[in-house]
1. Treating the Cα atoms of the range 26-155 as identical point scatterers in vacuum, please give the log10 of the normalised Debye intensity I(q)/I(0) at q = 0.13, 0.14, 0.16, 0.21 Å⁻¹, two decimals.
2. Just by accessible area at a 1.4 angstrom probe, what is the order of MET155, MET179 from largest to smallest?
3. Suppose R0 equals 41 Å; then what is the FRET efficiency for THR121 and LYS54 from their Cβ-Cβ distance, rounded to the nearest 0.05?
4. Restricting to the chain, what percent of DSSP beta bridges are antiparallel, rounded to 5?
5. Keeping all protein chains in the complex and leaving out DNA, RNA and ligands, what accessible area do you get for ARG97 with a 1.4 Å probe, in Å² to the nearest 10?
6. Which FRET efficiency value, to the nearest 0.05, is calculated for LYS28 and LYS312 with the Förster distance at 51 angstrom and r the Cβ-Cβ distance?
7. Provide the packing ranking of 224-237, 30-43, 48-61, i.e. peptides ordered by the mean count of other C-beta atoms within 10 Å per residue, highest first.
8. Which pairs break 24 Å Cα to Cα here: LYS98/LYS252; LYS98/LYS163; LYS52/LYS237?
Amino acid sequence: MLKQEVVRVIKRRFHLPKPSETWRNAPKEKAECVVIGAGIVGLAVARELSLKGKEVLVLDSAPTFGTATSSRNSEVIHAGIYYPSNSLKAHFCVRGRKLLYHYCSQRGIPHNQIGKLIVATGTSEIPKLNQLFNRGIQNGVENLRMLDASEAIKMEPELHCVKALLSPASGILDSHSLMLSLVGEAETNDATFSYNTAVIGGHLEGNQMVLHVCETKTLTNWDGNTPLQLDLLLMPKIVVNSSGLSAPTLAKRFHGLNTAIIPPAYYARGSYFILSNANSTRHPPFKHLIYPVPEEGGLGVHVTLDLDGQLKFGPDVEWIPHVPDTTNFLNKCDYLSFESSSRRRHFP
């Protein structure tokens with residue numbers, strides 16, 4: 001098993017040359033399973049592999065787990081309504097939701113099945129709402145129910161709509177508590193976590209994947225021109241690329257893989273706005289999650305609640321044209337909203 005402190009060795013350019021040119025003298029370490037990325041997906045994978053008796057090494061360029069999208073989301077447990085019928089996403093969302101509720105209940109992880117209303121604010125949106133209802137039924141989502149305006153407003157008096165779809169299976173959770181639990185179980189089963197460790201590419205040697213690893217500080221201090229110090233070549237039997245926003249970019253840097261099967265990356269930034277009225281946490285205006293009919297690029301600006309009763313509106317969608325590779329690997333994405341100072345909003 002590779003120790004947390006990686007060894008330093010070879011100089012090479014960040015635009016990866018052929019393996020025979022610079023990598024042949026680099027020291028190599030073997031590992032059974034390497035999980036790249038310590039976000040919620042990587043942690044869940046590491047836990048499961050470790051429970052199966054596998055030797056697991058988790059690598060992340062950040063100083064701890066869950067620093068990227070896993071800590072920048074609405075913490076909603078989705079029911080499985082939106083995905084195309086018979087798709088893997090639909091199957092995994094429905095089954096995963098049930099497993100997640102069970103996991104949280106068994107381990108005392110804070111969560112609440114508060115339900116969700118998807119609302120049509122005009123008659124032109126009713127056909128789309130009916131499509132969502134039918135798709136949810138086909139996907140196996142339980143207890144979906146269409147409500148007319150009076151029924152919806154009776155549930156949520158501050159709501160204005162012409163029709164609504166009720167999803168009782170939707171809920172919220174404490175994502176940090178969930179990640180802490182996954183890390184704890186993985187470590188209990190001898191998984192090793194190596195933070196401040198970046199995987200920046202790889203290559204195939206026959207059927208063997210060889211990962212290119214360097215310390216985060218090496219990549220941070222790199223000027224982009226001089227040869228980059230590569231710290232290790234890591235040879236695992238199993239590789240799981242769960243590196244979040246950088247996953248497609250990293251996959252394209254695995255020389256020898258068919259890049260045609262790697263999906264393109266489309267980056268978007270979304271901002272949330274907090275309802276800051278001092279009374280809103282004690283008496284939030286909504287008790288359910290409130291979502292509009294989905295729009296292109298996302299689910300639309302919606303109302304979410306956290307477990308403390310804090311209400312948020314968002315996210316909006318701002319498309320990002322390009323994210324450099326190094327920015328991706330170091331999780332140095334600019335999470336501030338565009339012209340954030342001029343976009344601050346205060347709700348009464």
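The values are calculated or read from the model by the stated rules, or taken from the named source; none is laboratory data. Because the structure is predicted, anything quoted here is derived from the model rather than measured. Here the Cβ positions follow ideal geometry from the backbone for every residue, glycine too, while neighbour counts run over all protein chains shown. Protein only, heavy atoms only, side chains kept; ligands, DNA and RNA dropped before computing areas. Shrake-Rupley method; radii C 1.70, N 1.55, O 1.52, S 1.80 Å.
1. -0.75, -0.84, -1.00, -1.32
2. MET155, MET179
3. 0.25
4. Of the beta bridges lying entirely in the chain, close to 65 percent run antiparallel.
5. For ARG97, solvent-accessible area is about 10 Å².
6. 0.60
7. For the peptides 224-237, 30-43, 48-61, the packing ranking is 30-43, 48-61, 224-237.
8. Long pairs (Cα-Cα over 24 Å): LYS98/LYS252; LYS98/LYS163.
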